Amino acid sequence: MSGKPRLTYFNGRGRMEPVRWLLAAAGVEFEEIFLETKEQYEKLIKDGVLMFQQVPLVEMDGMKMVQTRAILSYIAGKYNLYGKDLKERALIDMYVEGITDLMQMILMFPFSPPEAKEKNLDSIKERATNRYFPVFEKVLKQHGQDFLVGNKFSWADVQLIEAILAVEEKIPAVLSGFPQLQAFKIRMSNMPTIKKFLQPGSPRKPPPDERYIETVLKIFKK
Ligand SMILES: N[C@@H](CCC(=O)N[C@@H](CS)C(=O)NCC(=O)O)C(=O)O
């Protein structure tokens, strides 16, 4: 092994995308193994690699880590993106969990039946605009700092820029009433590691397409 973290997941965003974002933001290179067949997935289970028979799987520092949240908090802690004390950590956790709830709606969206698509898109817009984005707009306005927590770049900033871009892909004008978030987006997109991740050819994955959906459904079909 090269010493780089090794990520096993589909060749698509899903639950691995925040891990890719966080590693990239921390300036860490990684390798990826893409699941394409059911046999590959079943072999991982047979070999006892997937604790709960689920991916994402991240192998790093001699561990085989599963559970997205555990993986992300390990990376955040290791690369100093998790606050300076327990109180900052709690705040980062709250922000991250809120954003994760919004991202969960986006994650599931491609799997919704055609007749539910419009309604689900409206729900994403409603939640982003009325529940989640106002929180971060207010935080940034109140403390006037560049980053969400402790005037220092953290996991929360990475989750938020990922979410902003993901929602904008679906609802391009979503930031129109959020000047702080517009400025935050520009600042984050210009951070060198994030700028690199946003460029073509990076490990960032495109929005889910038919092929991705088919692969996921094929592998998990009972
Ligand atoms: N709580 C887990 C959920 C993981 C999960 O649901 N992974 C899906 C793929 S995105 C999976 O492996 N599903 C197969 C199964 O649950 O049997 C996490 O956050 O990592």
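A short reminder: the numbers here are calculations on the coordinates, not readings from a lab. For clarity, every value in this text was computed on a predicted model and none was experimentally measured. Here Cβ is always computed from backbone atoms with ideal geometry, including for glycine, and neighbour counts include all displayed protein chains.
In this rough spin-label picture, where each label sits 7 Å from Cα along the Cβ direction, the Glu36-Tyr79 distance is 2.8 nm. Could you tell me the relative contact order of the chain? Use alpha-carbon pairs under 8 Å, at least six residues apart, and round to a whole percent. It rounds to 27 percent for the chain. Among Pro134, Pro18, Asn151, flag the residue with its Cα farthest along the positive direction of the charge dipole of the chain, charges on Cβ as +1 for Lys/Arg and -1 for Asp/Glu. Highest projection toward the positive end goes to Asn151. Think of it as helices only: each DSSP H run of n ≥ 4 in the chain is worth -39500 (n - 2.57), and spread over all residues that comes to -17000 deg cm²/dmol at 222 nm.
With the simple model of a label 7 Å out from the Cα in the direction of the Cβ, Ala183 to Asp209 spans 3.9 nm. Compared with the dominant Cα axis of the chain, that is its longest principal axis, helix 114-127 is turned about 40°.
Expressed as an acute angle from 0 to 90° and rounded to the nearest 10, what is the orientation of the C-alpha long axis of helix 179-189 relative to the principal long axis of the chain? It is inclined by approximately 50 degrees.
Between the helical axis of 68-78 and the longest alpha-carbon principal axis of the chain there is an angle of about 60 degrees.
Stretching Val49 away from Asp146 to a fully extended chain increases their span by 30.9 nm, per 0.36 nm per residue minus the current alpha-carbon distance.
Rounded to the nearest 20, the size of the Cβ-charge dipole of region 1-110 about its Cα centre is 120 debye, with Lys and Arg at +1 and Asp and Glu at -1.
Relative contact order of region 86-189, taken over Cα pairs closer than 8 Å and 6 or more residues apart, is 33 percent.
Evaluated with a Cβ-only charge set (Lys, Arg +1; Asp, Glu -1), the chain carries a dipole of roughly 180 debye about its Cα centre, given to the nearest 20.
Overall shape of region 1-56 was characterised from the C-alpha gyration tensor. The equivalent ellipsoid obtained from it has semi-axes of 21, 13, 10 Å, in decreasing order.
In the chain, the convex hull through the Cα atoms has an average projected area of 12.9 nm², a quarter of its surface area.
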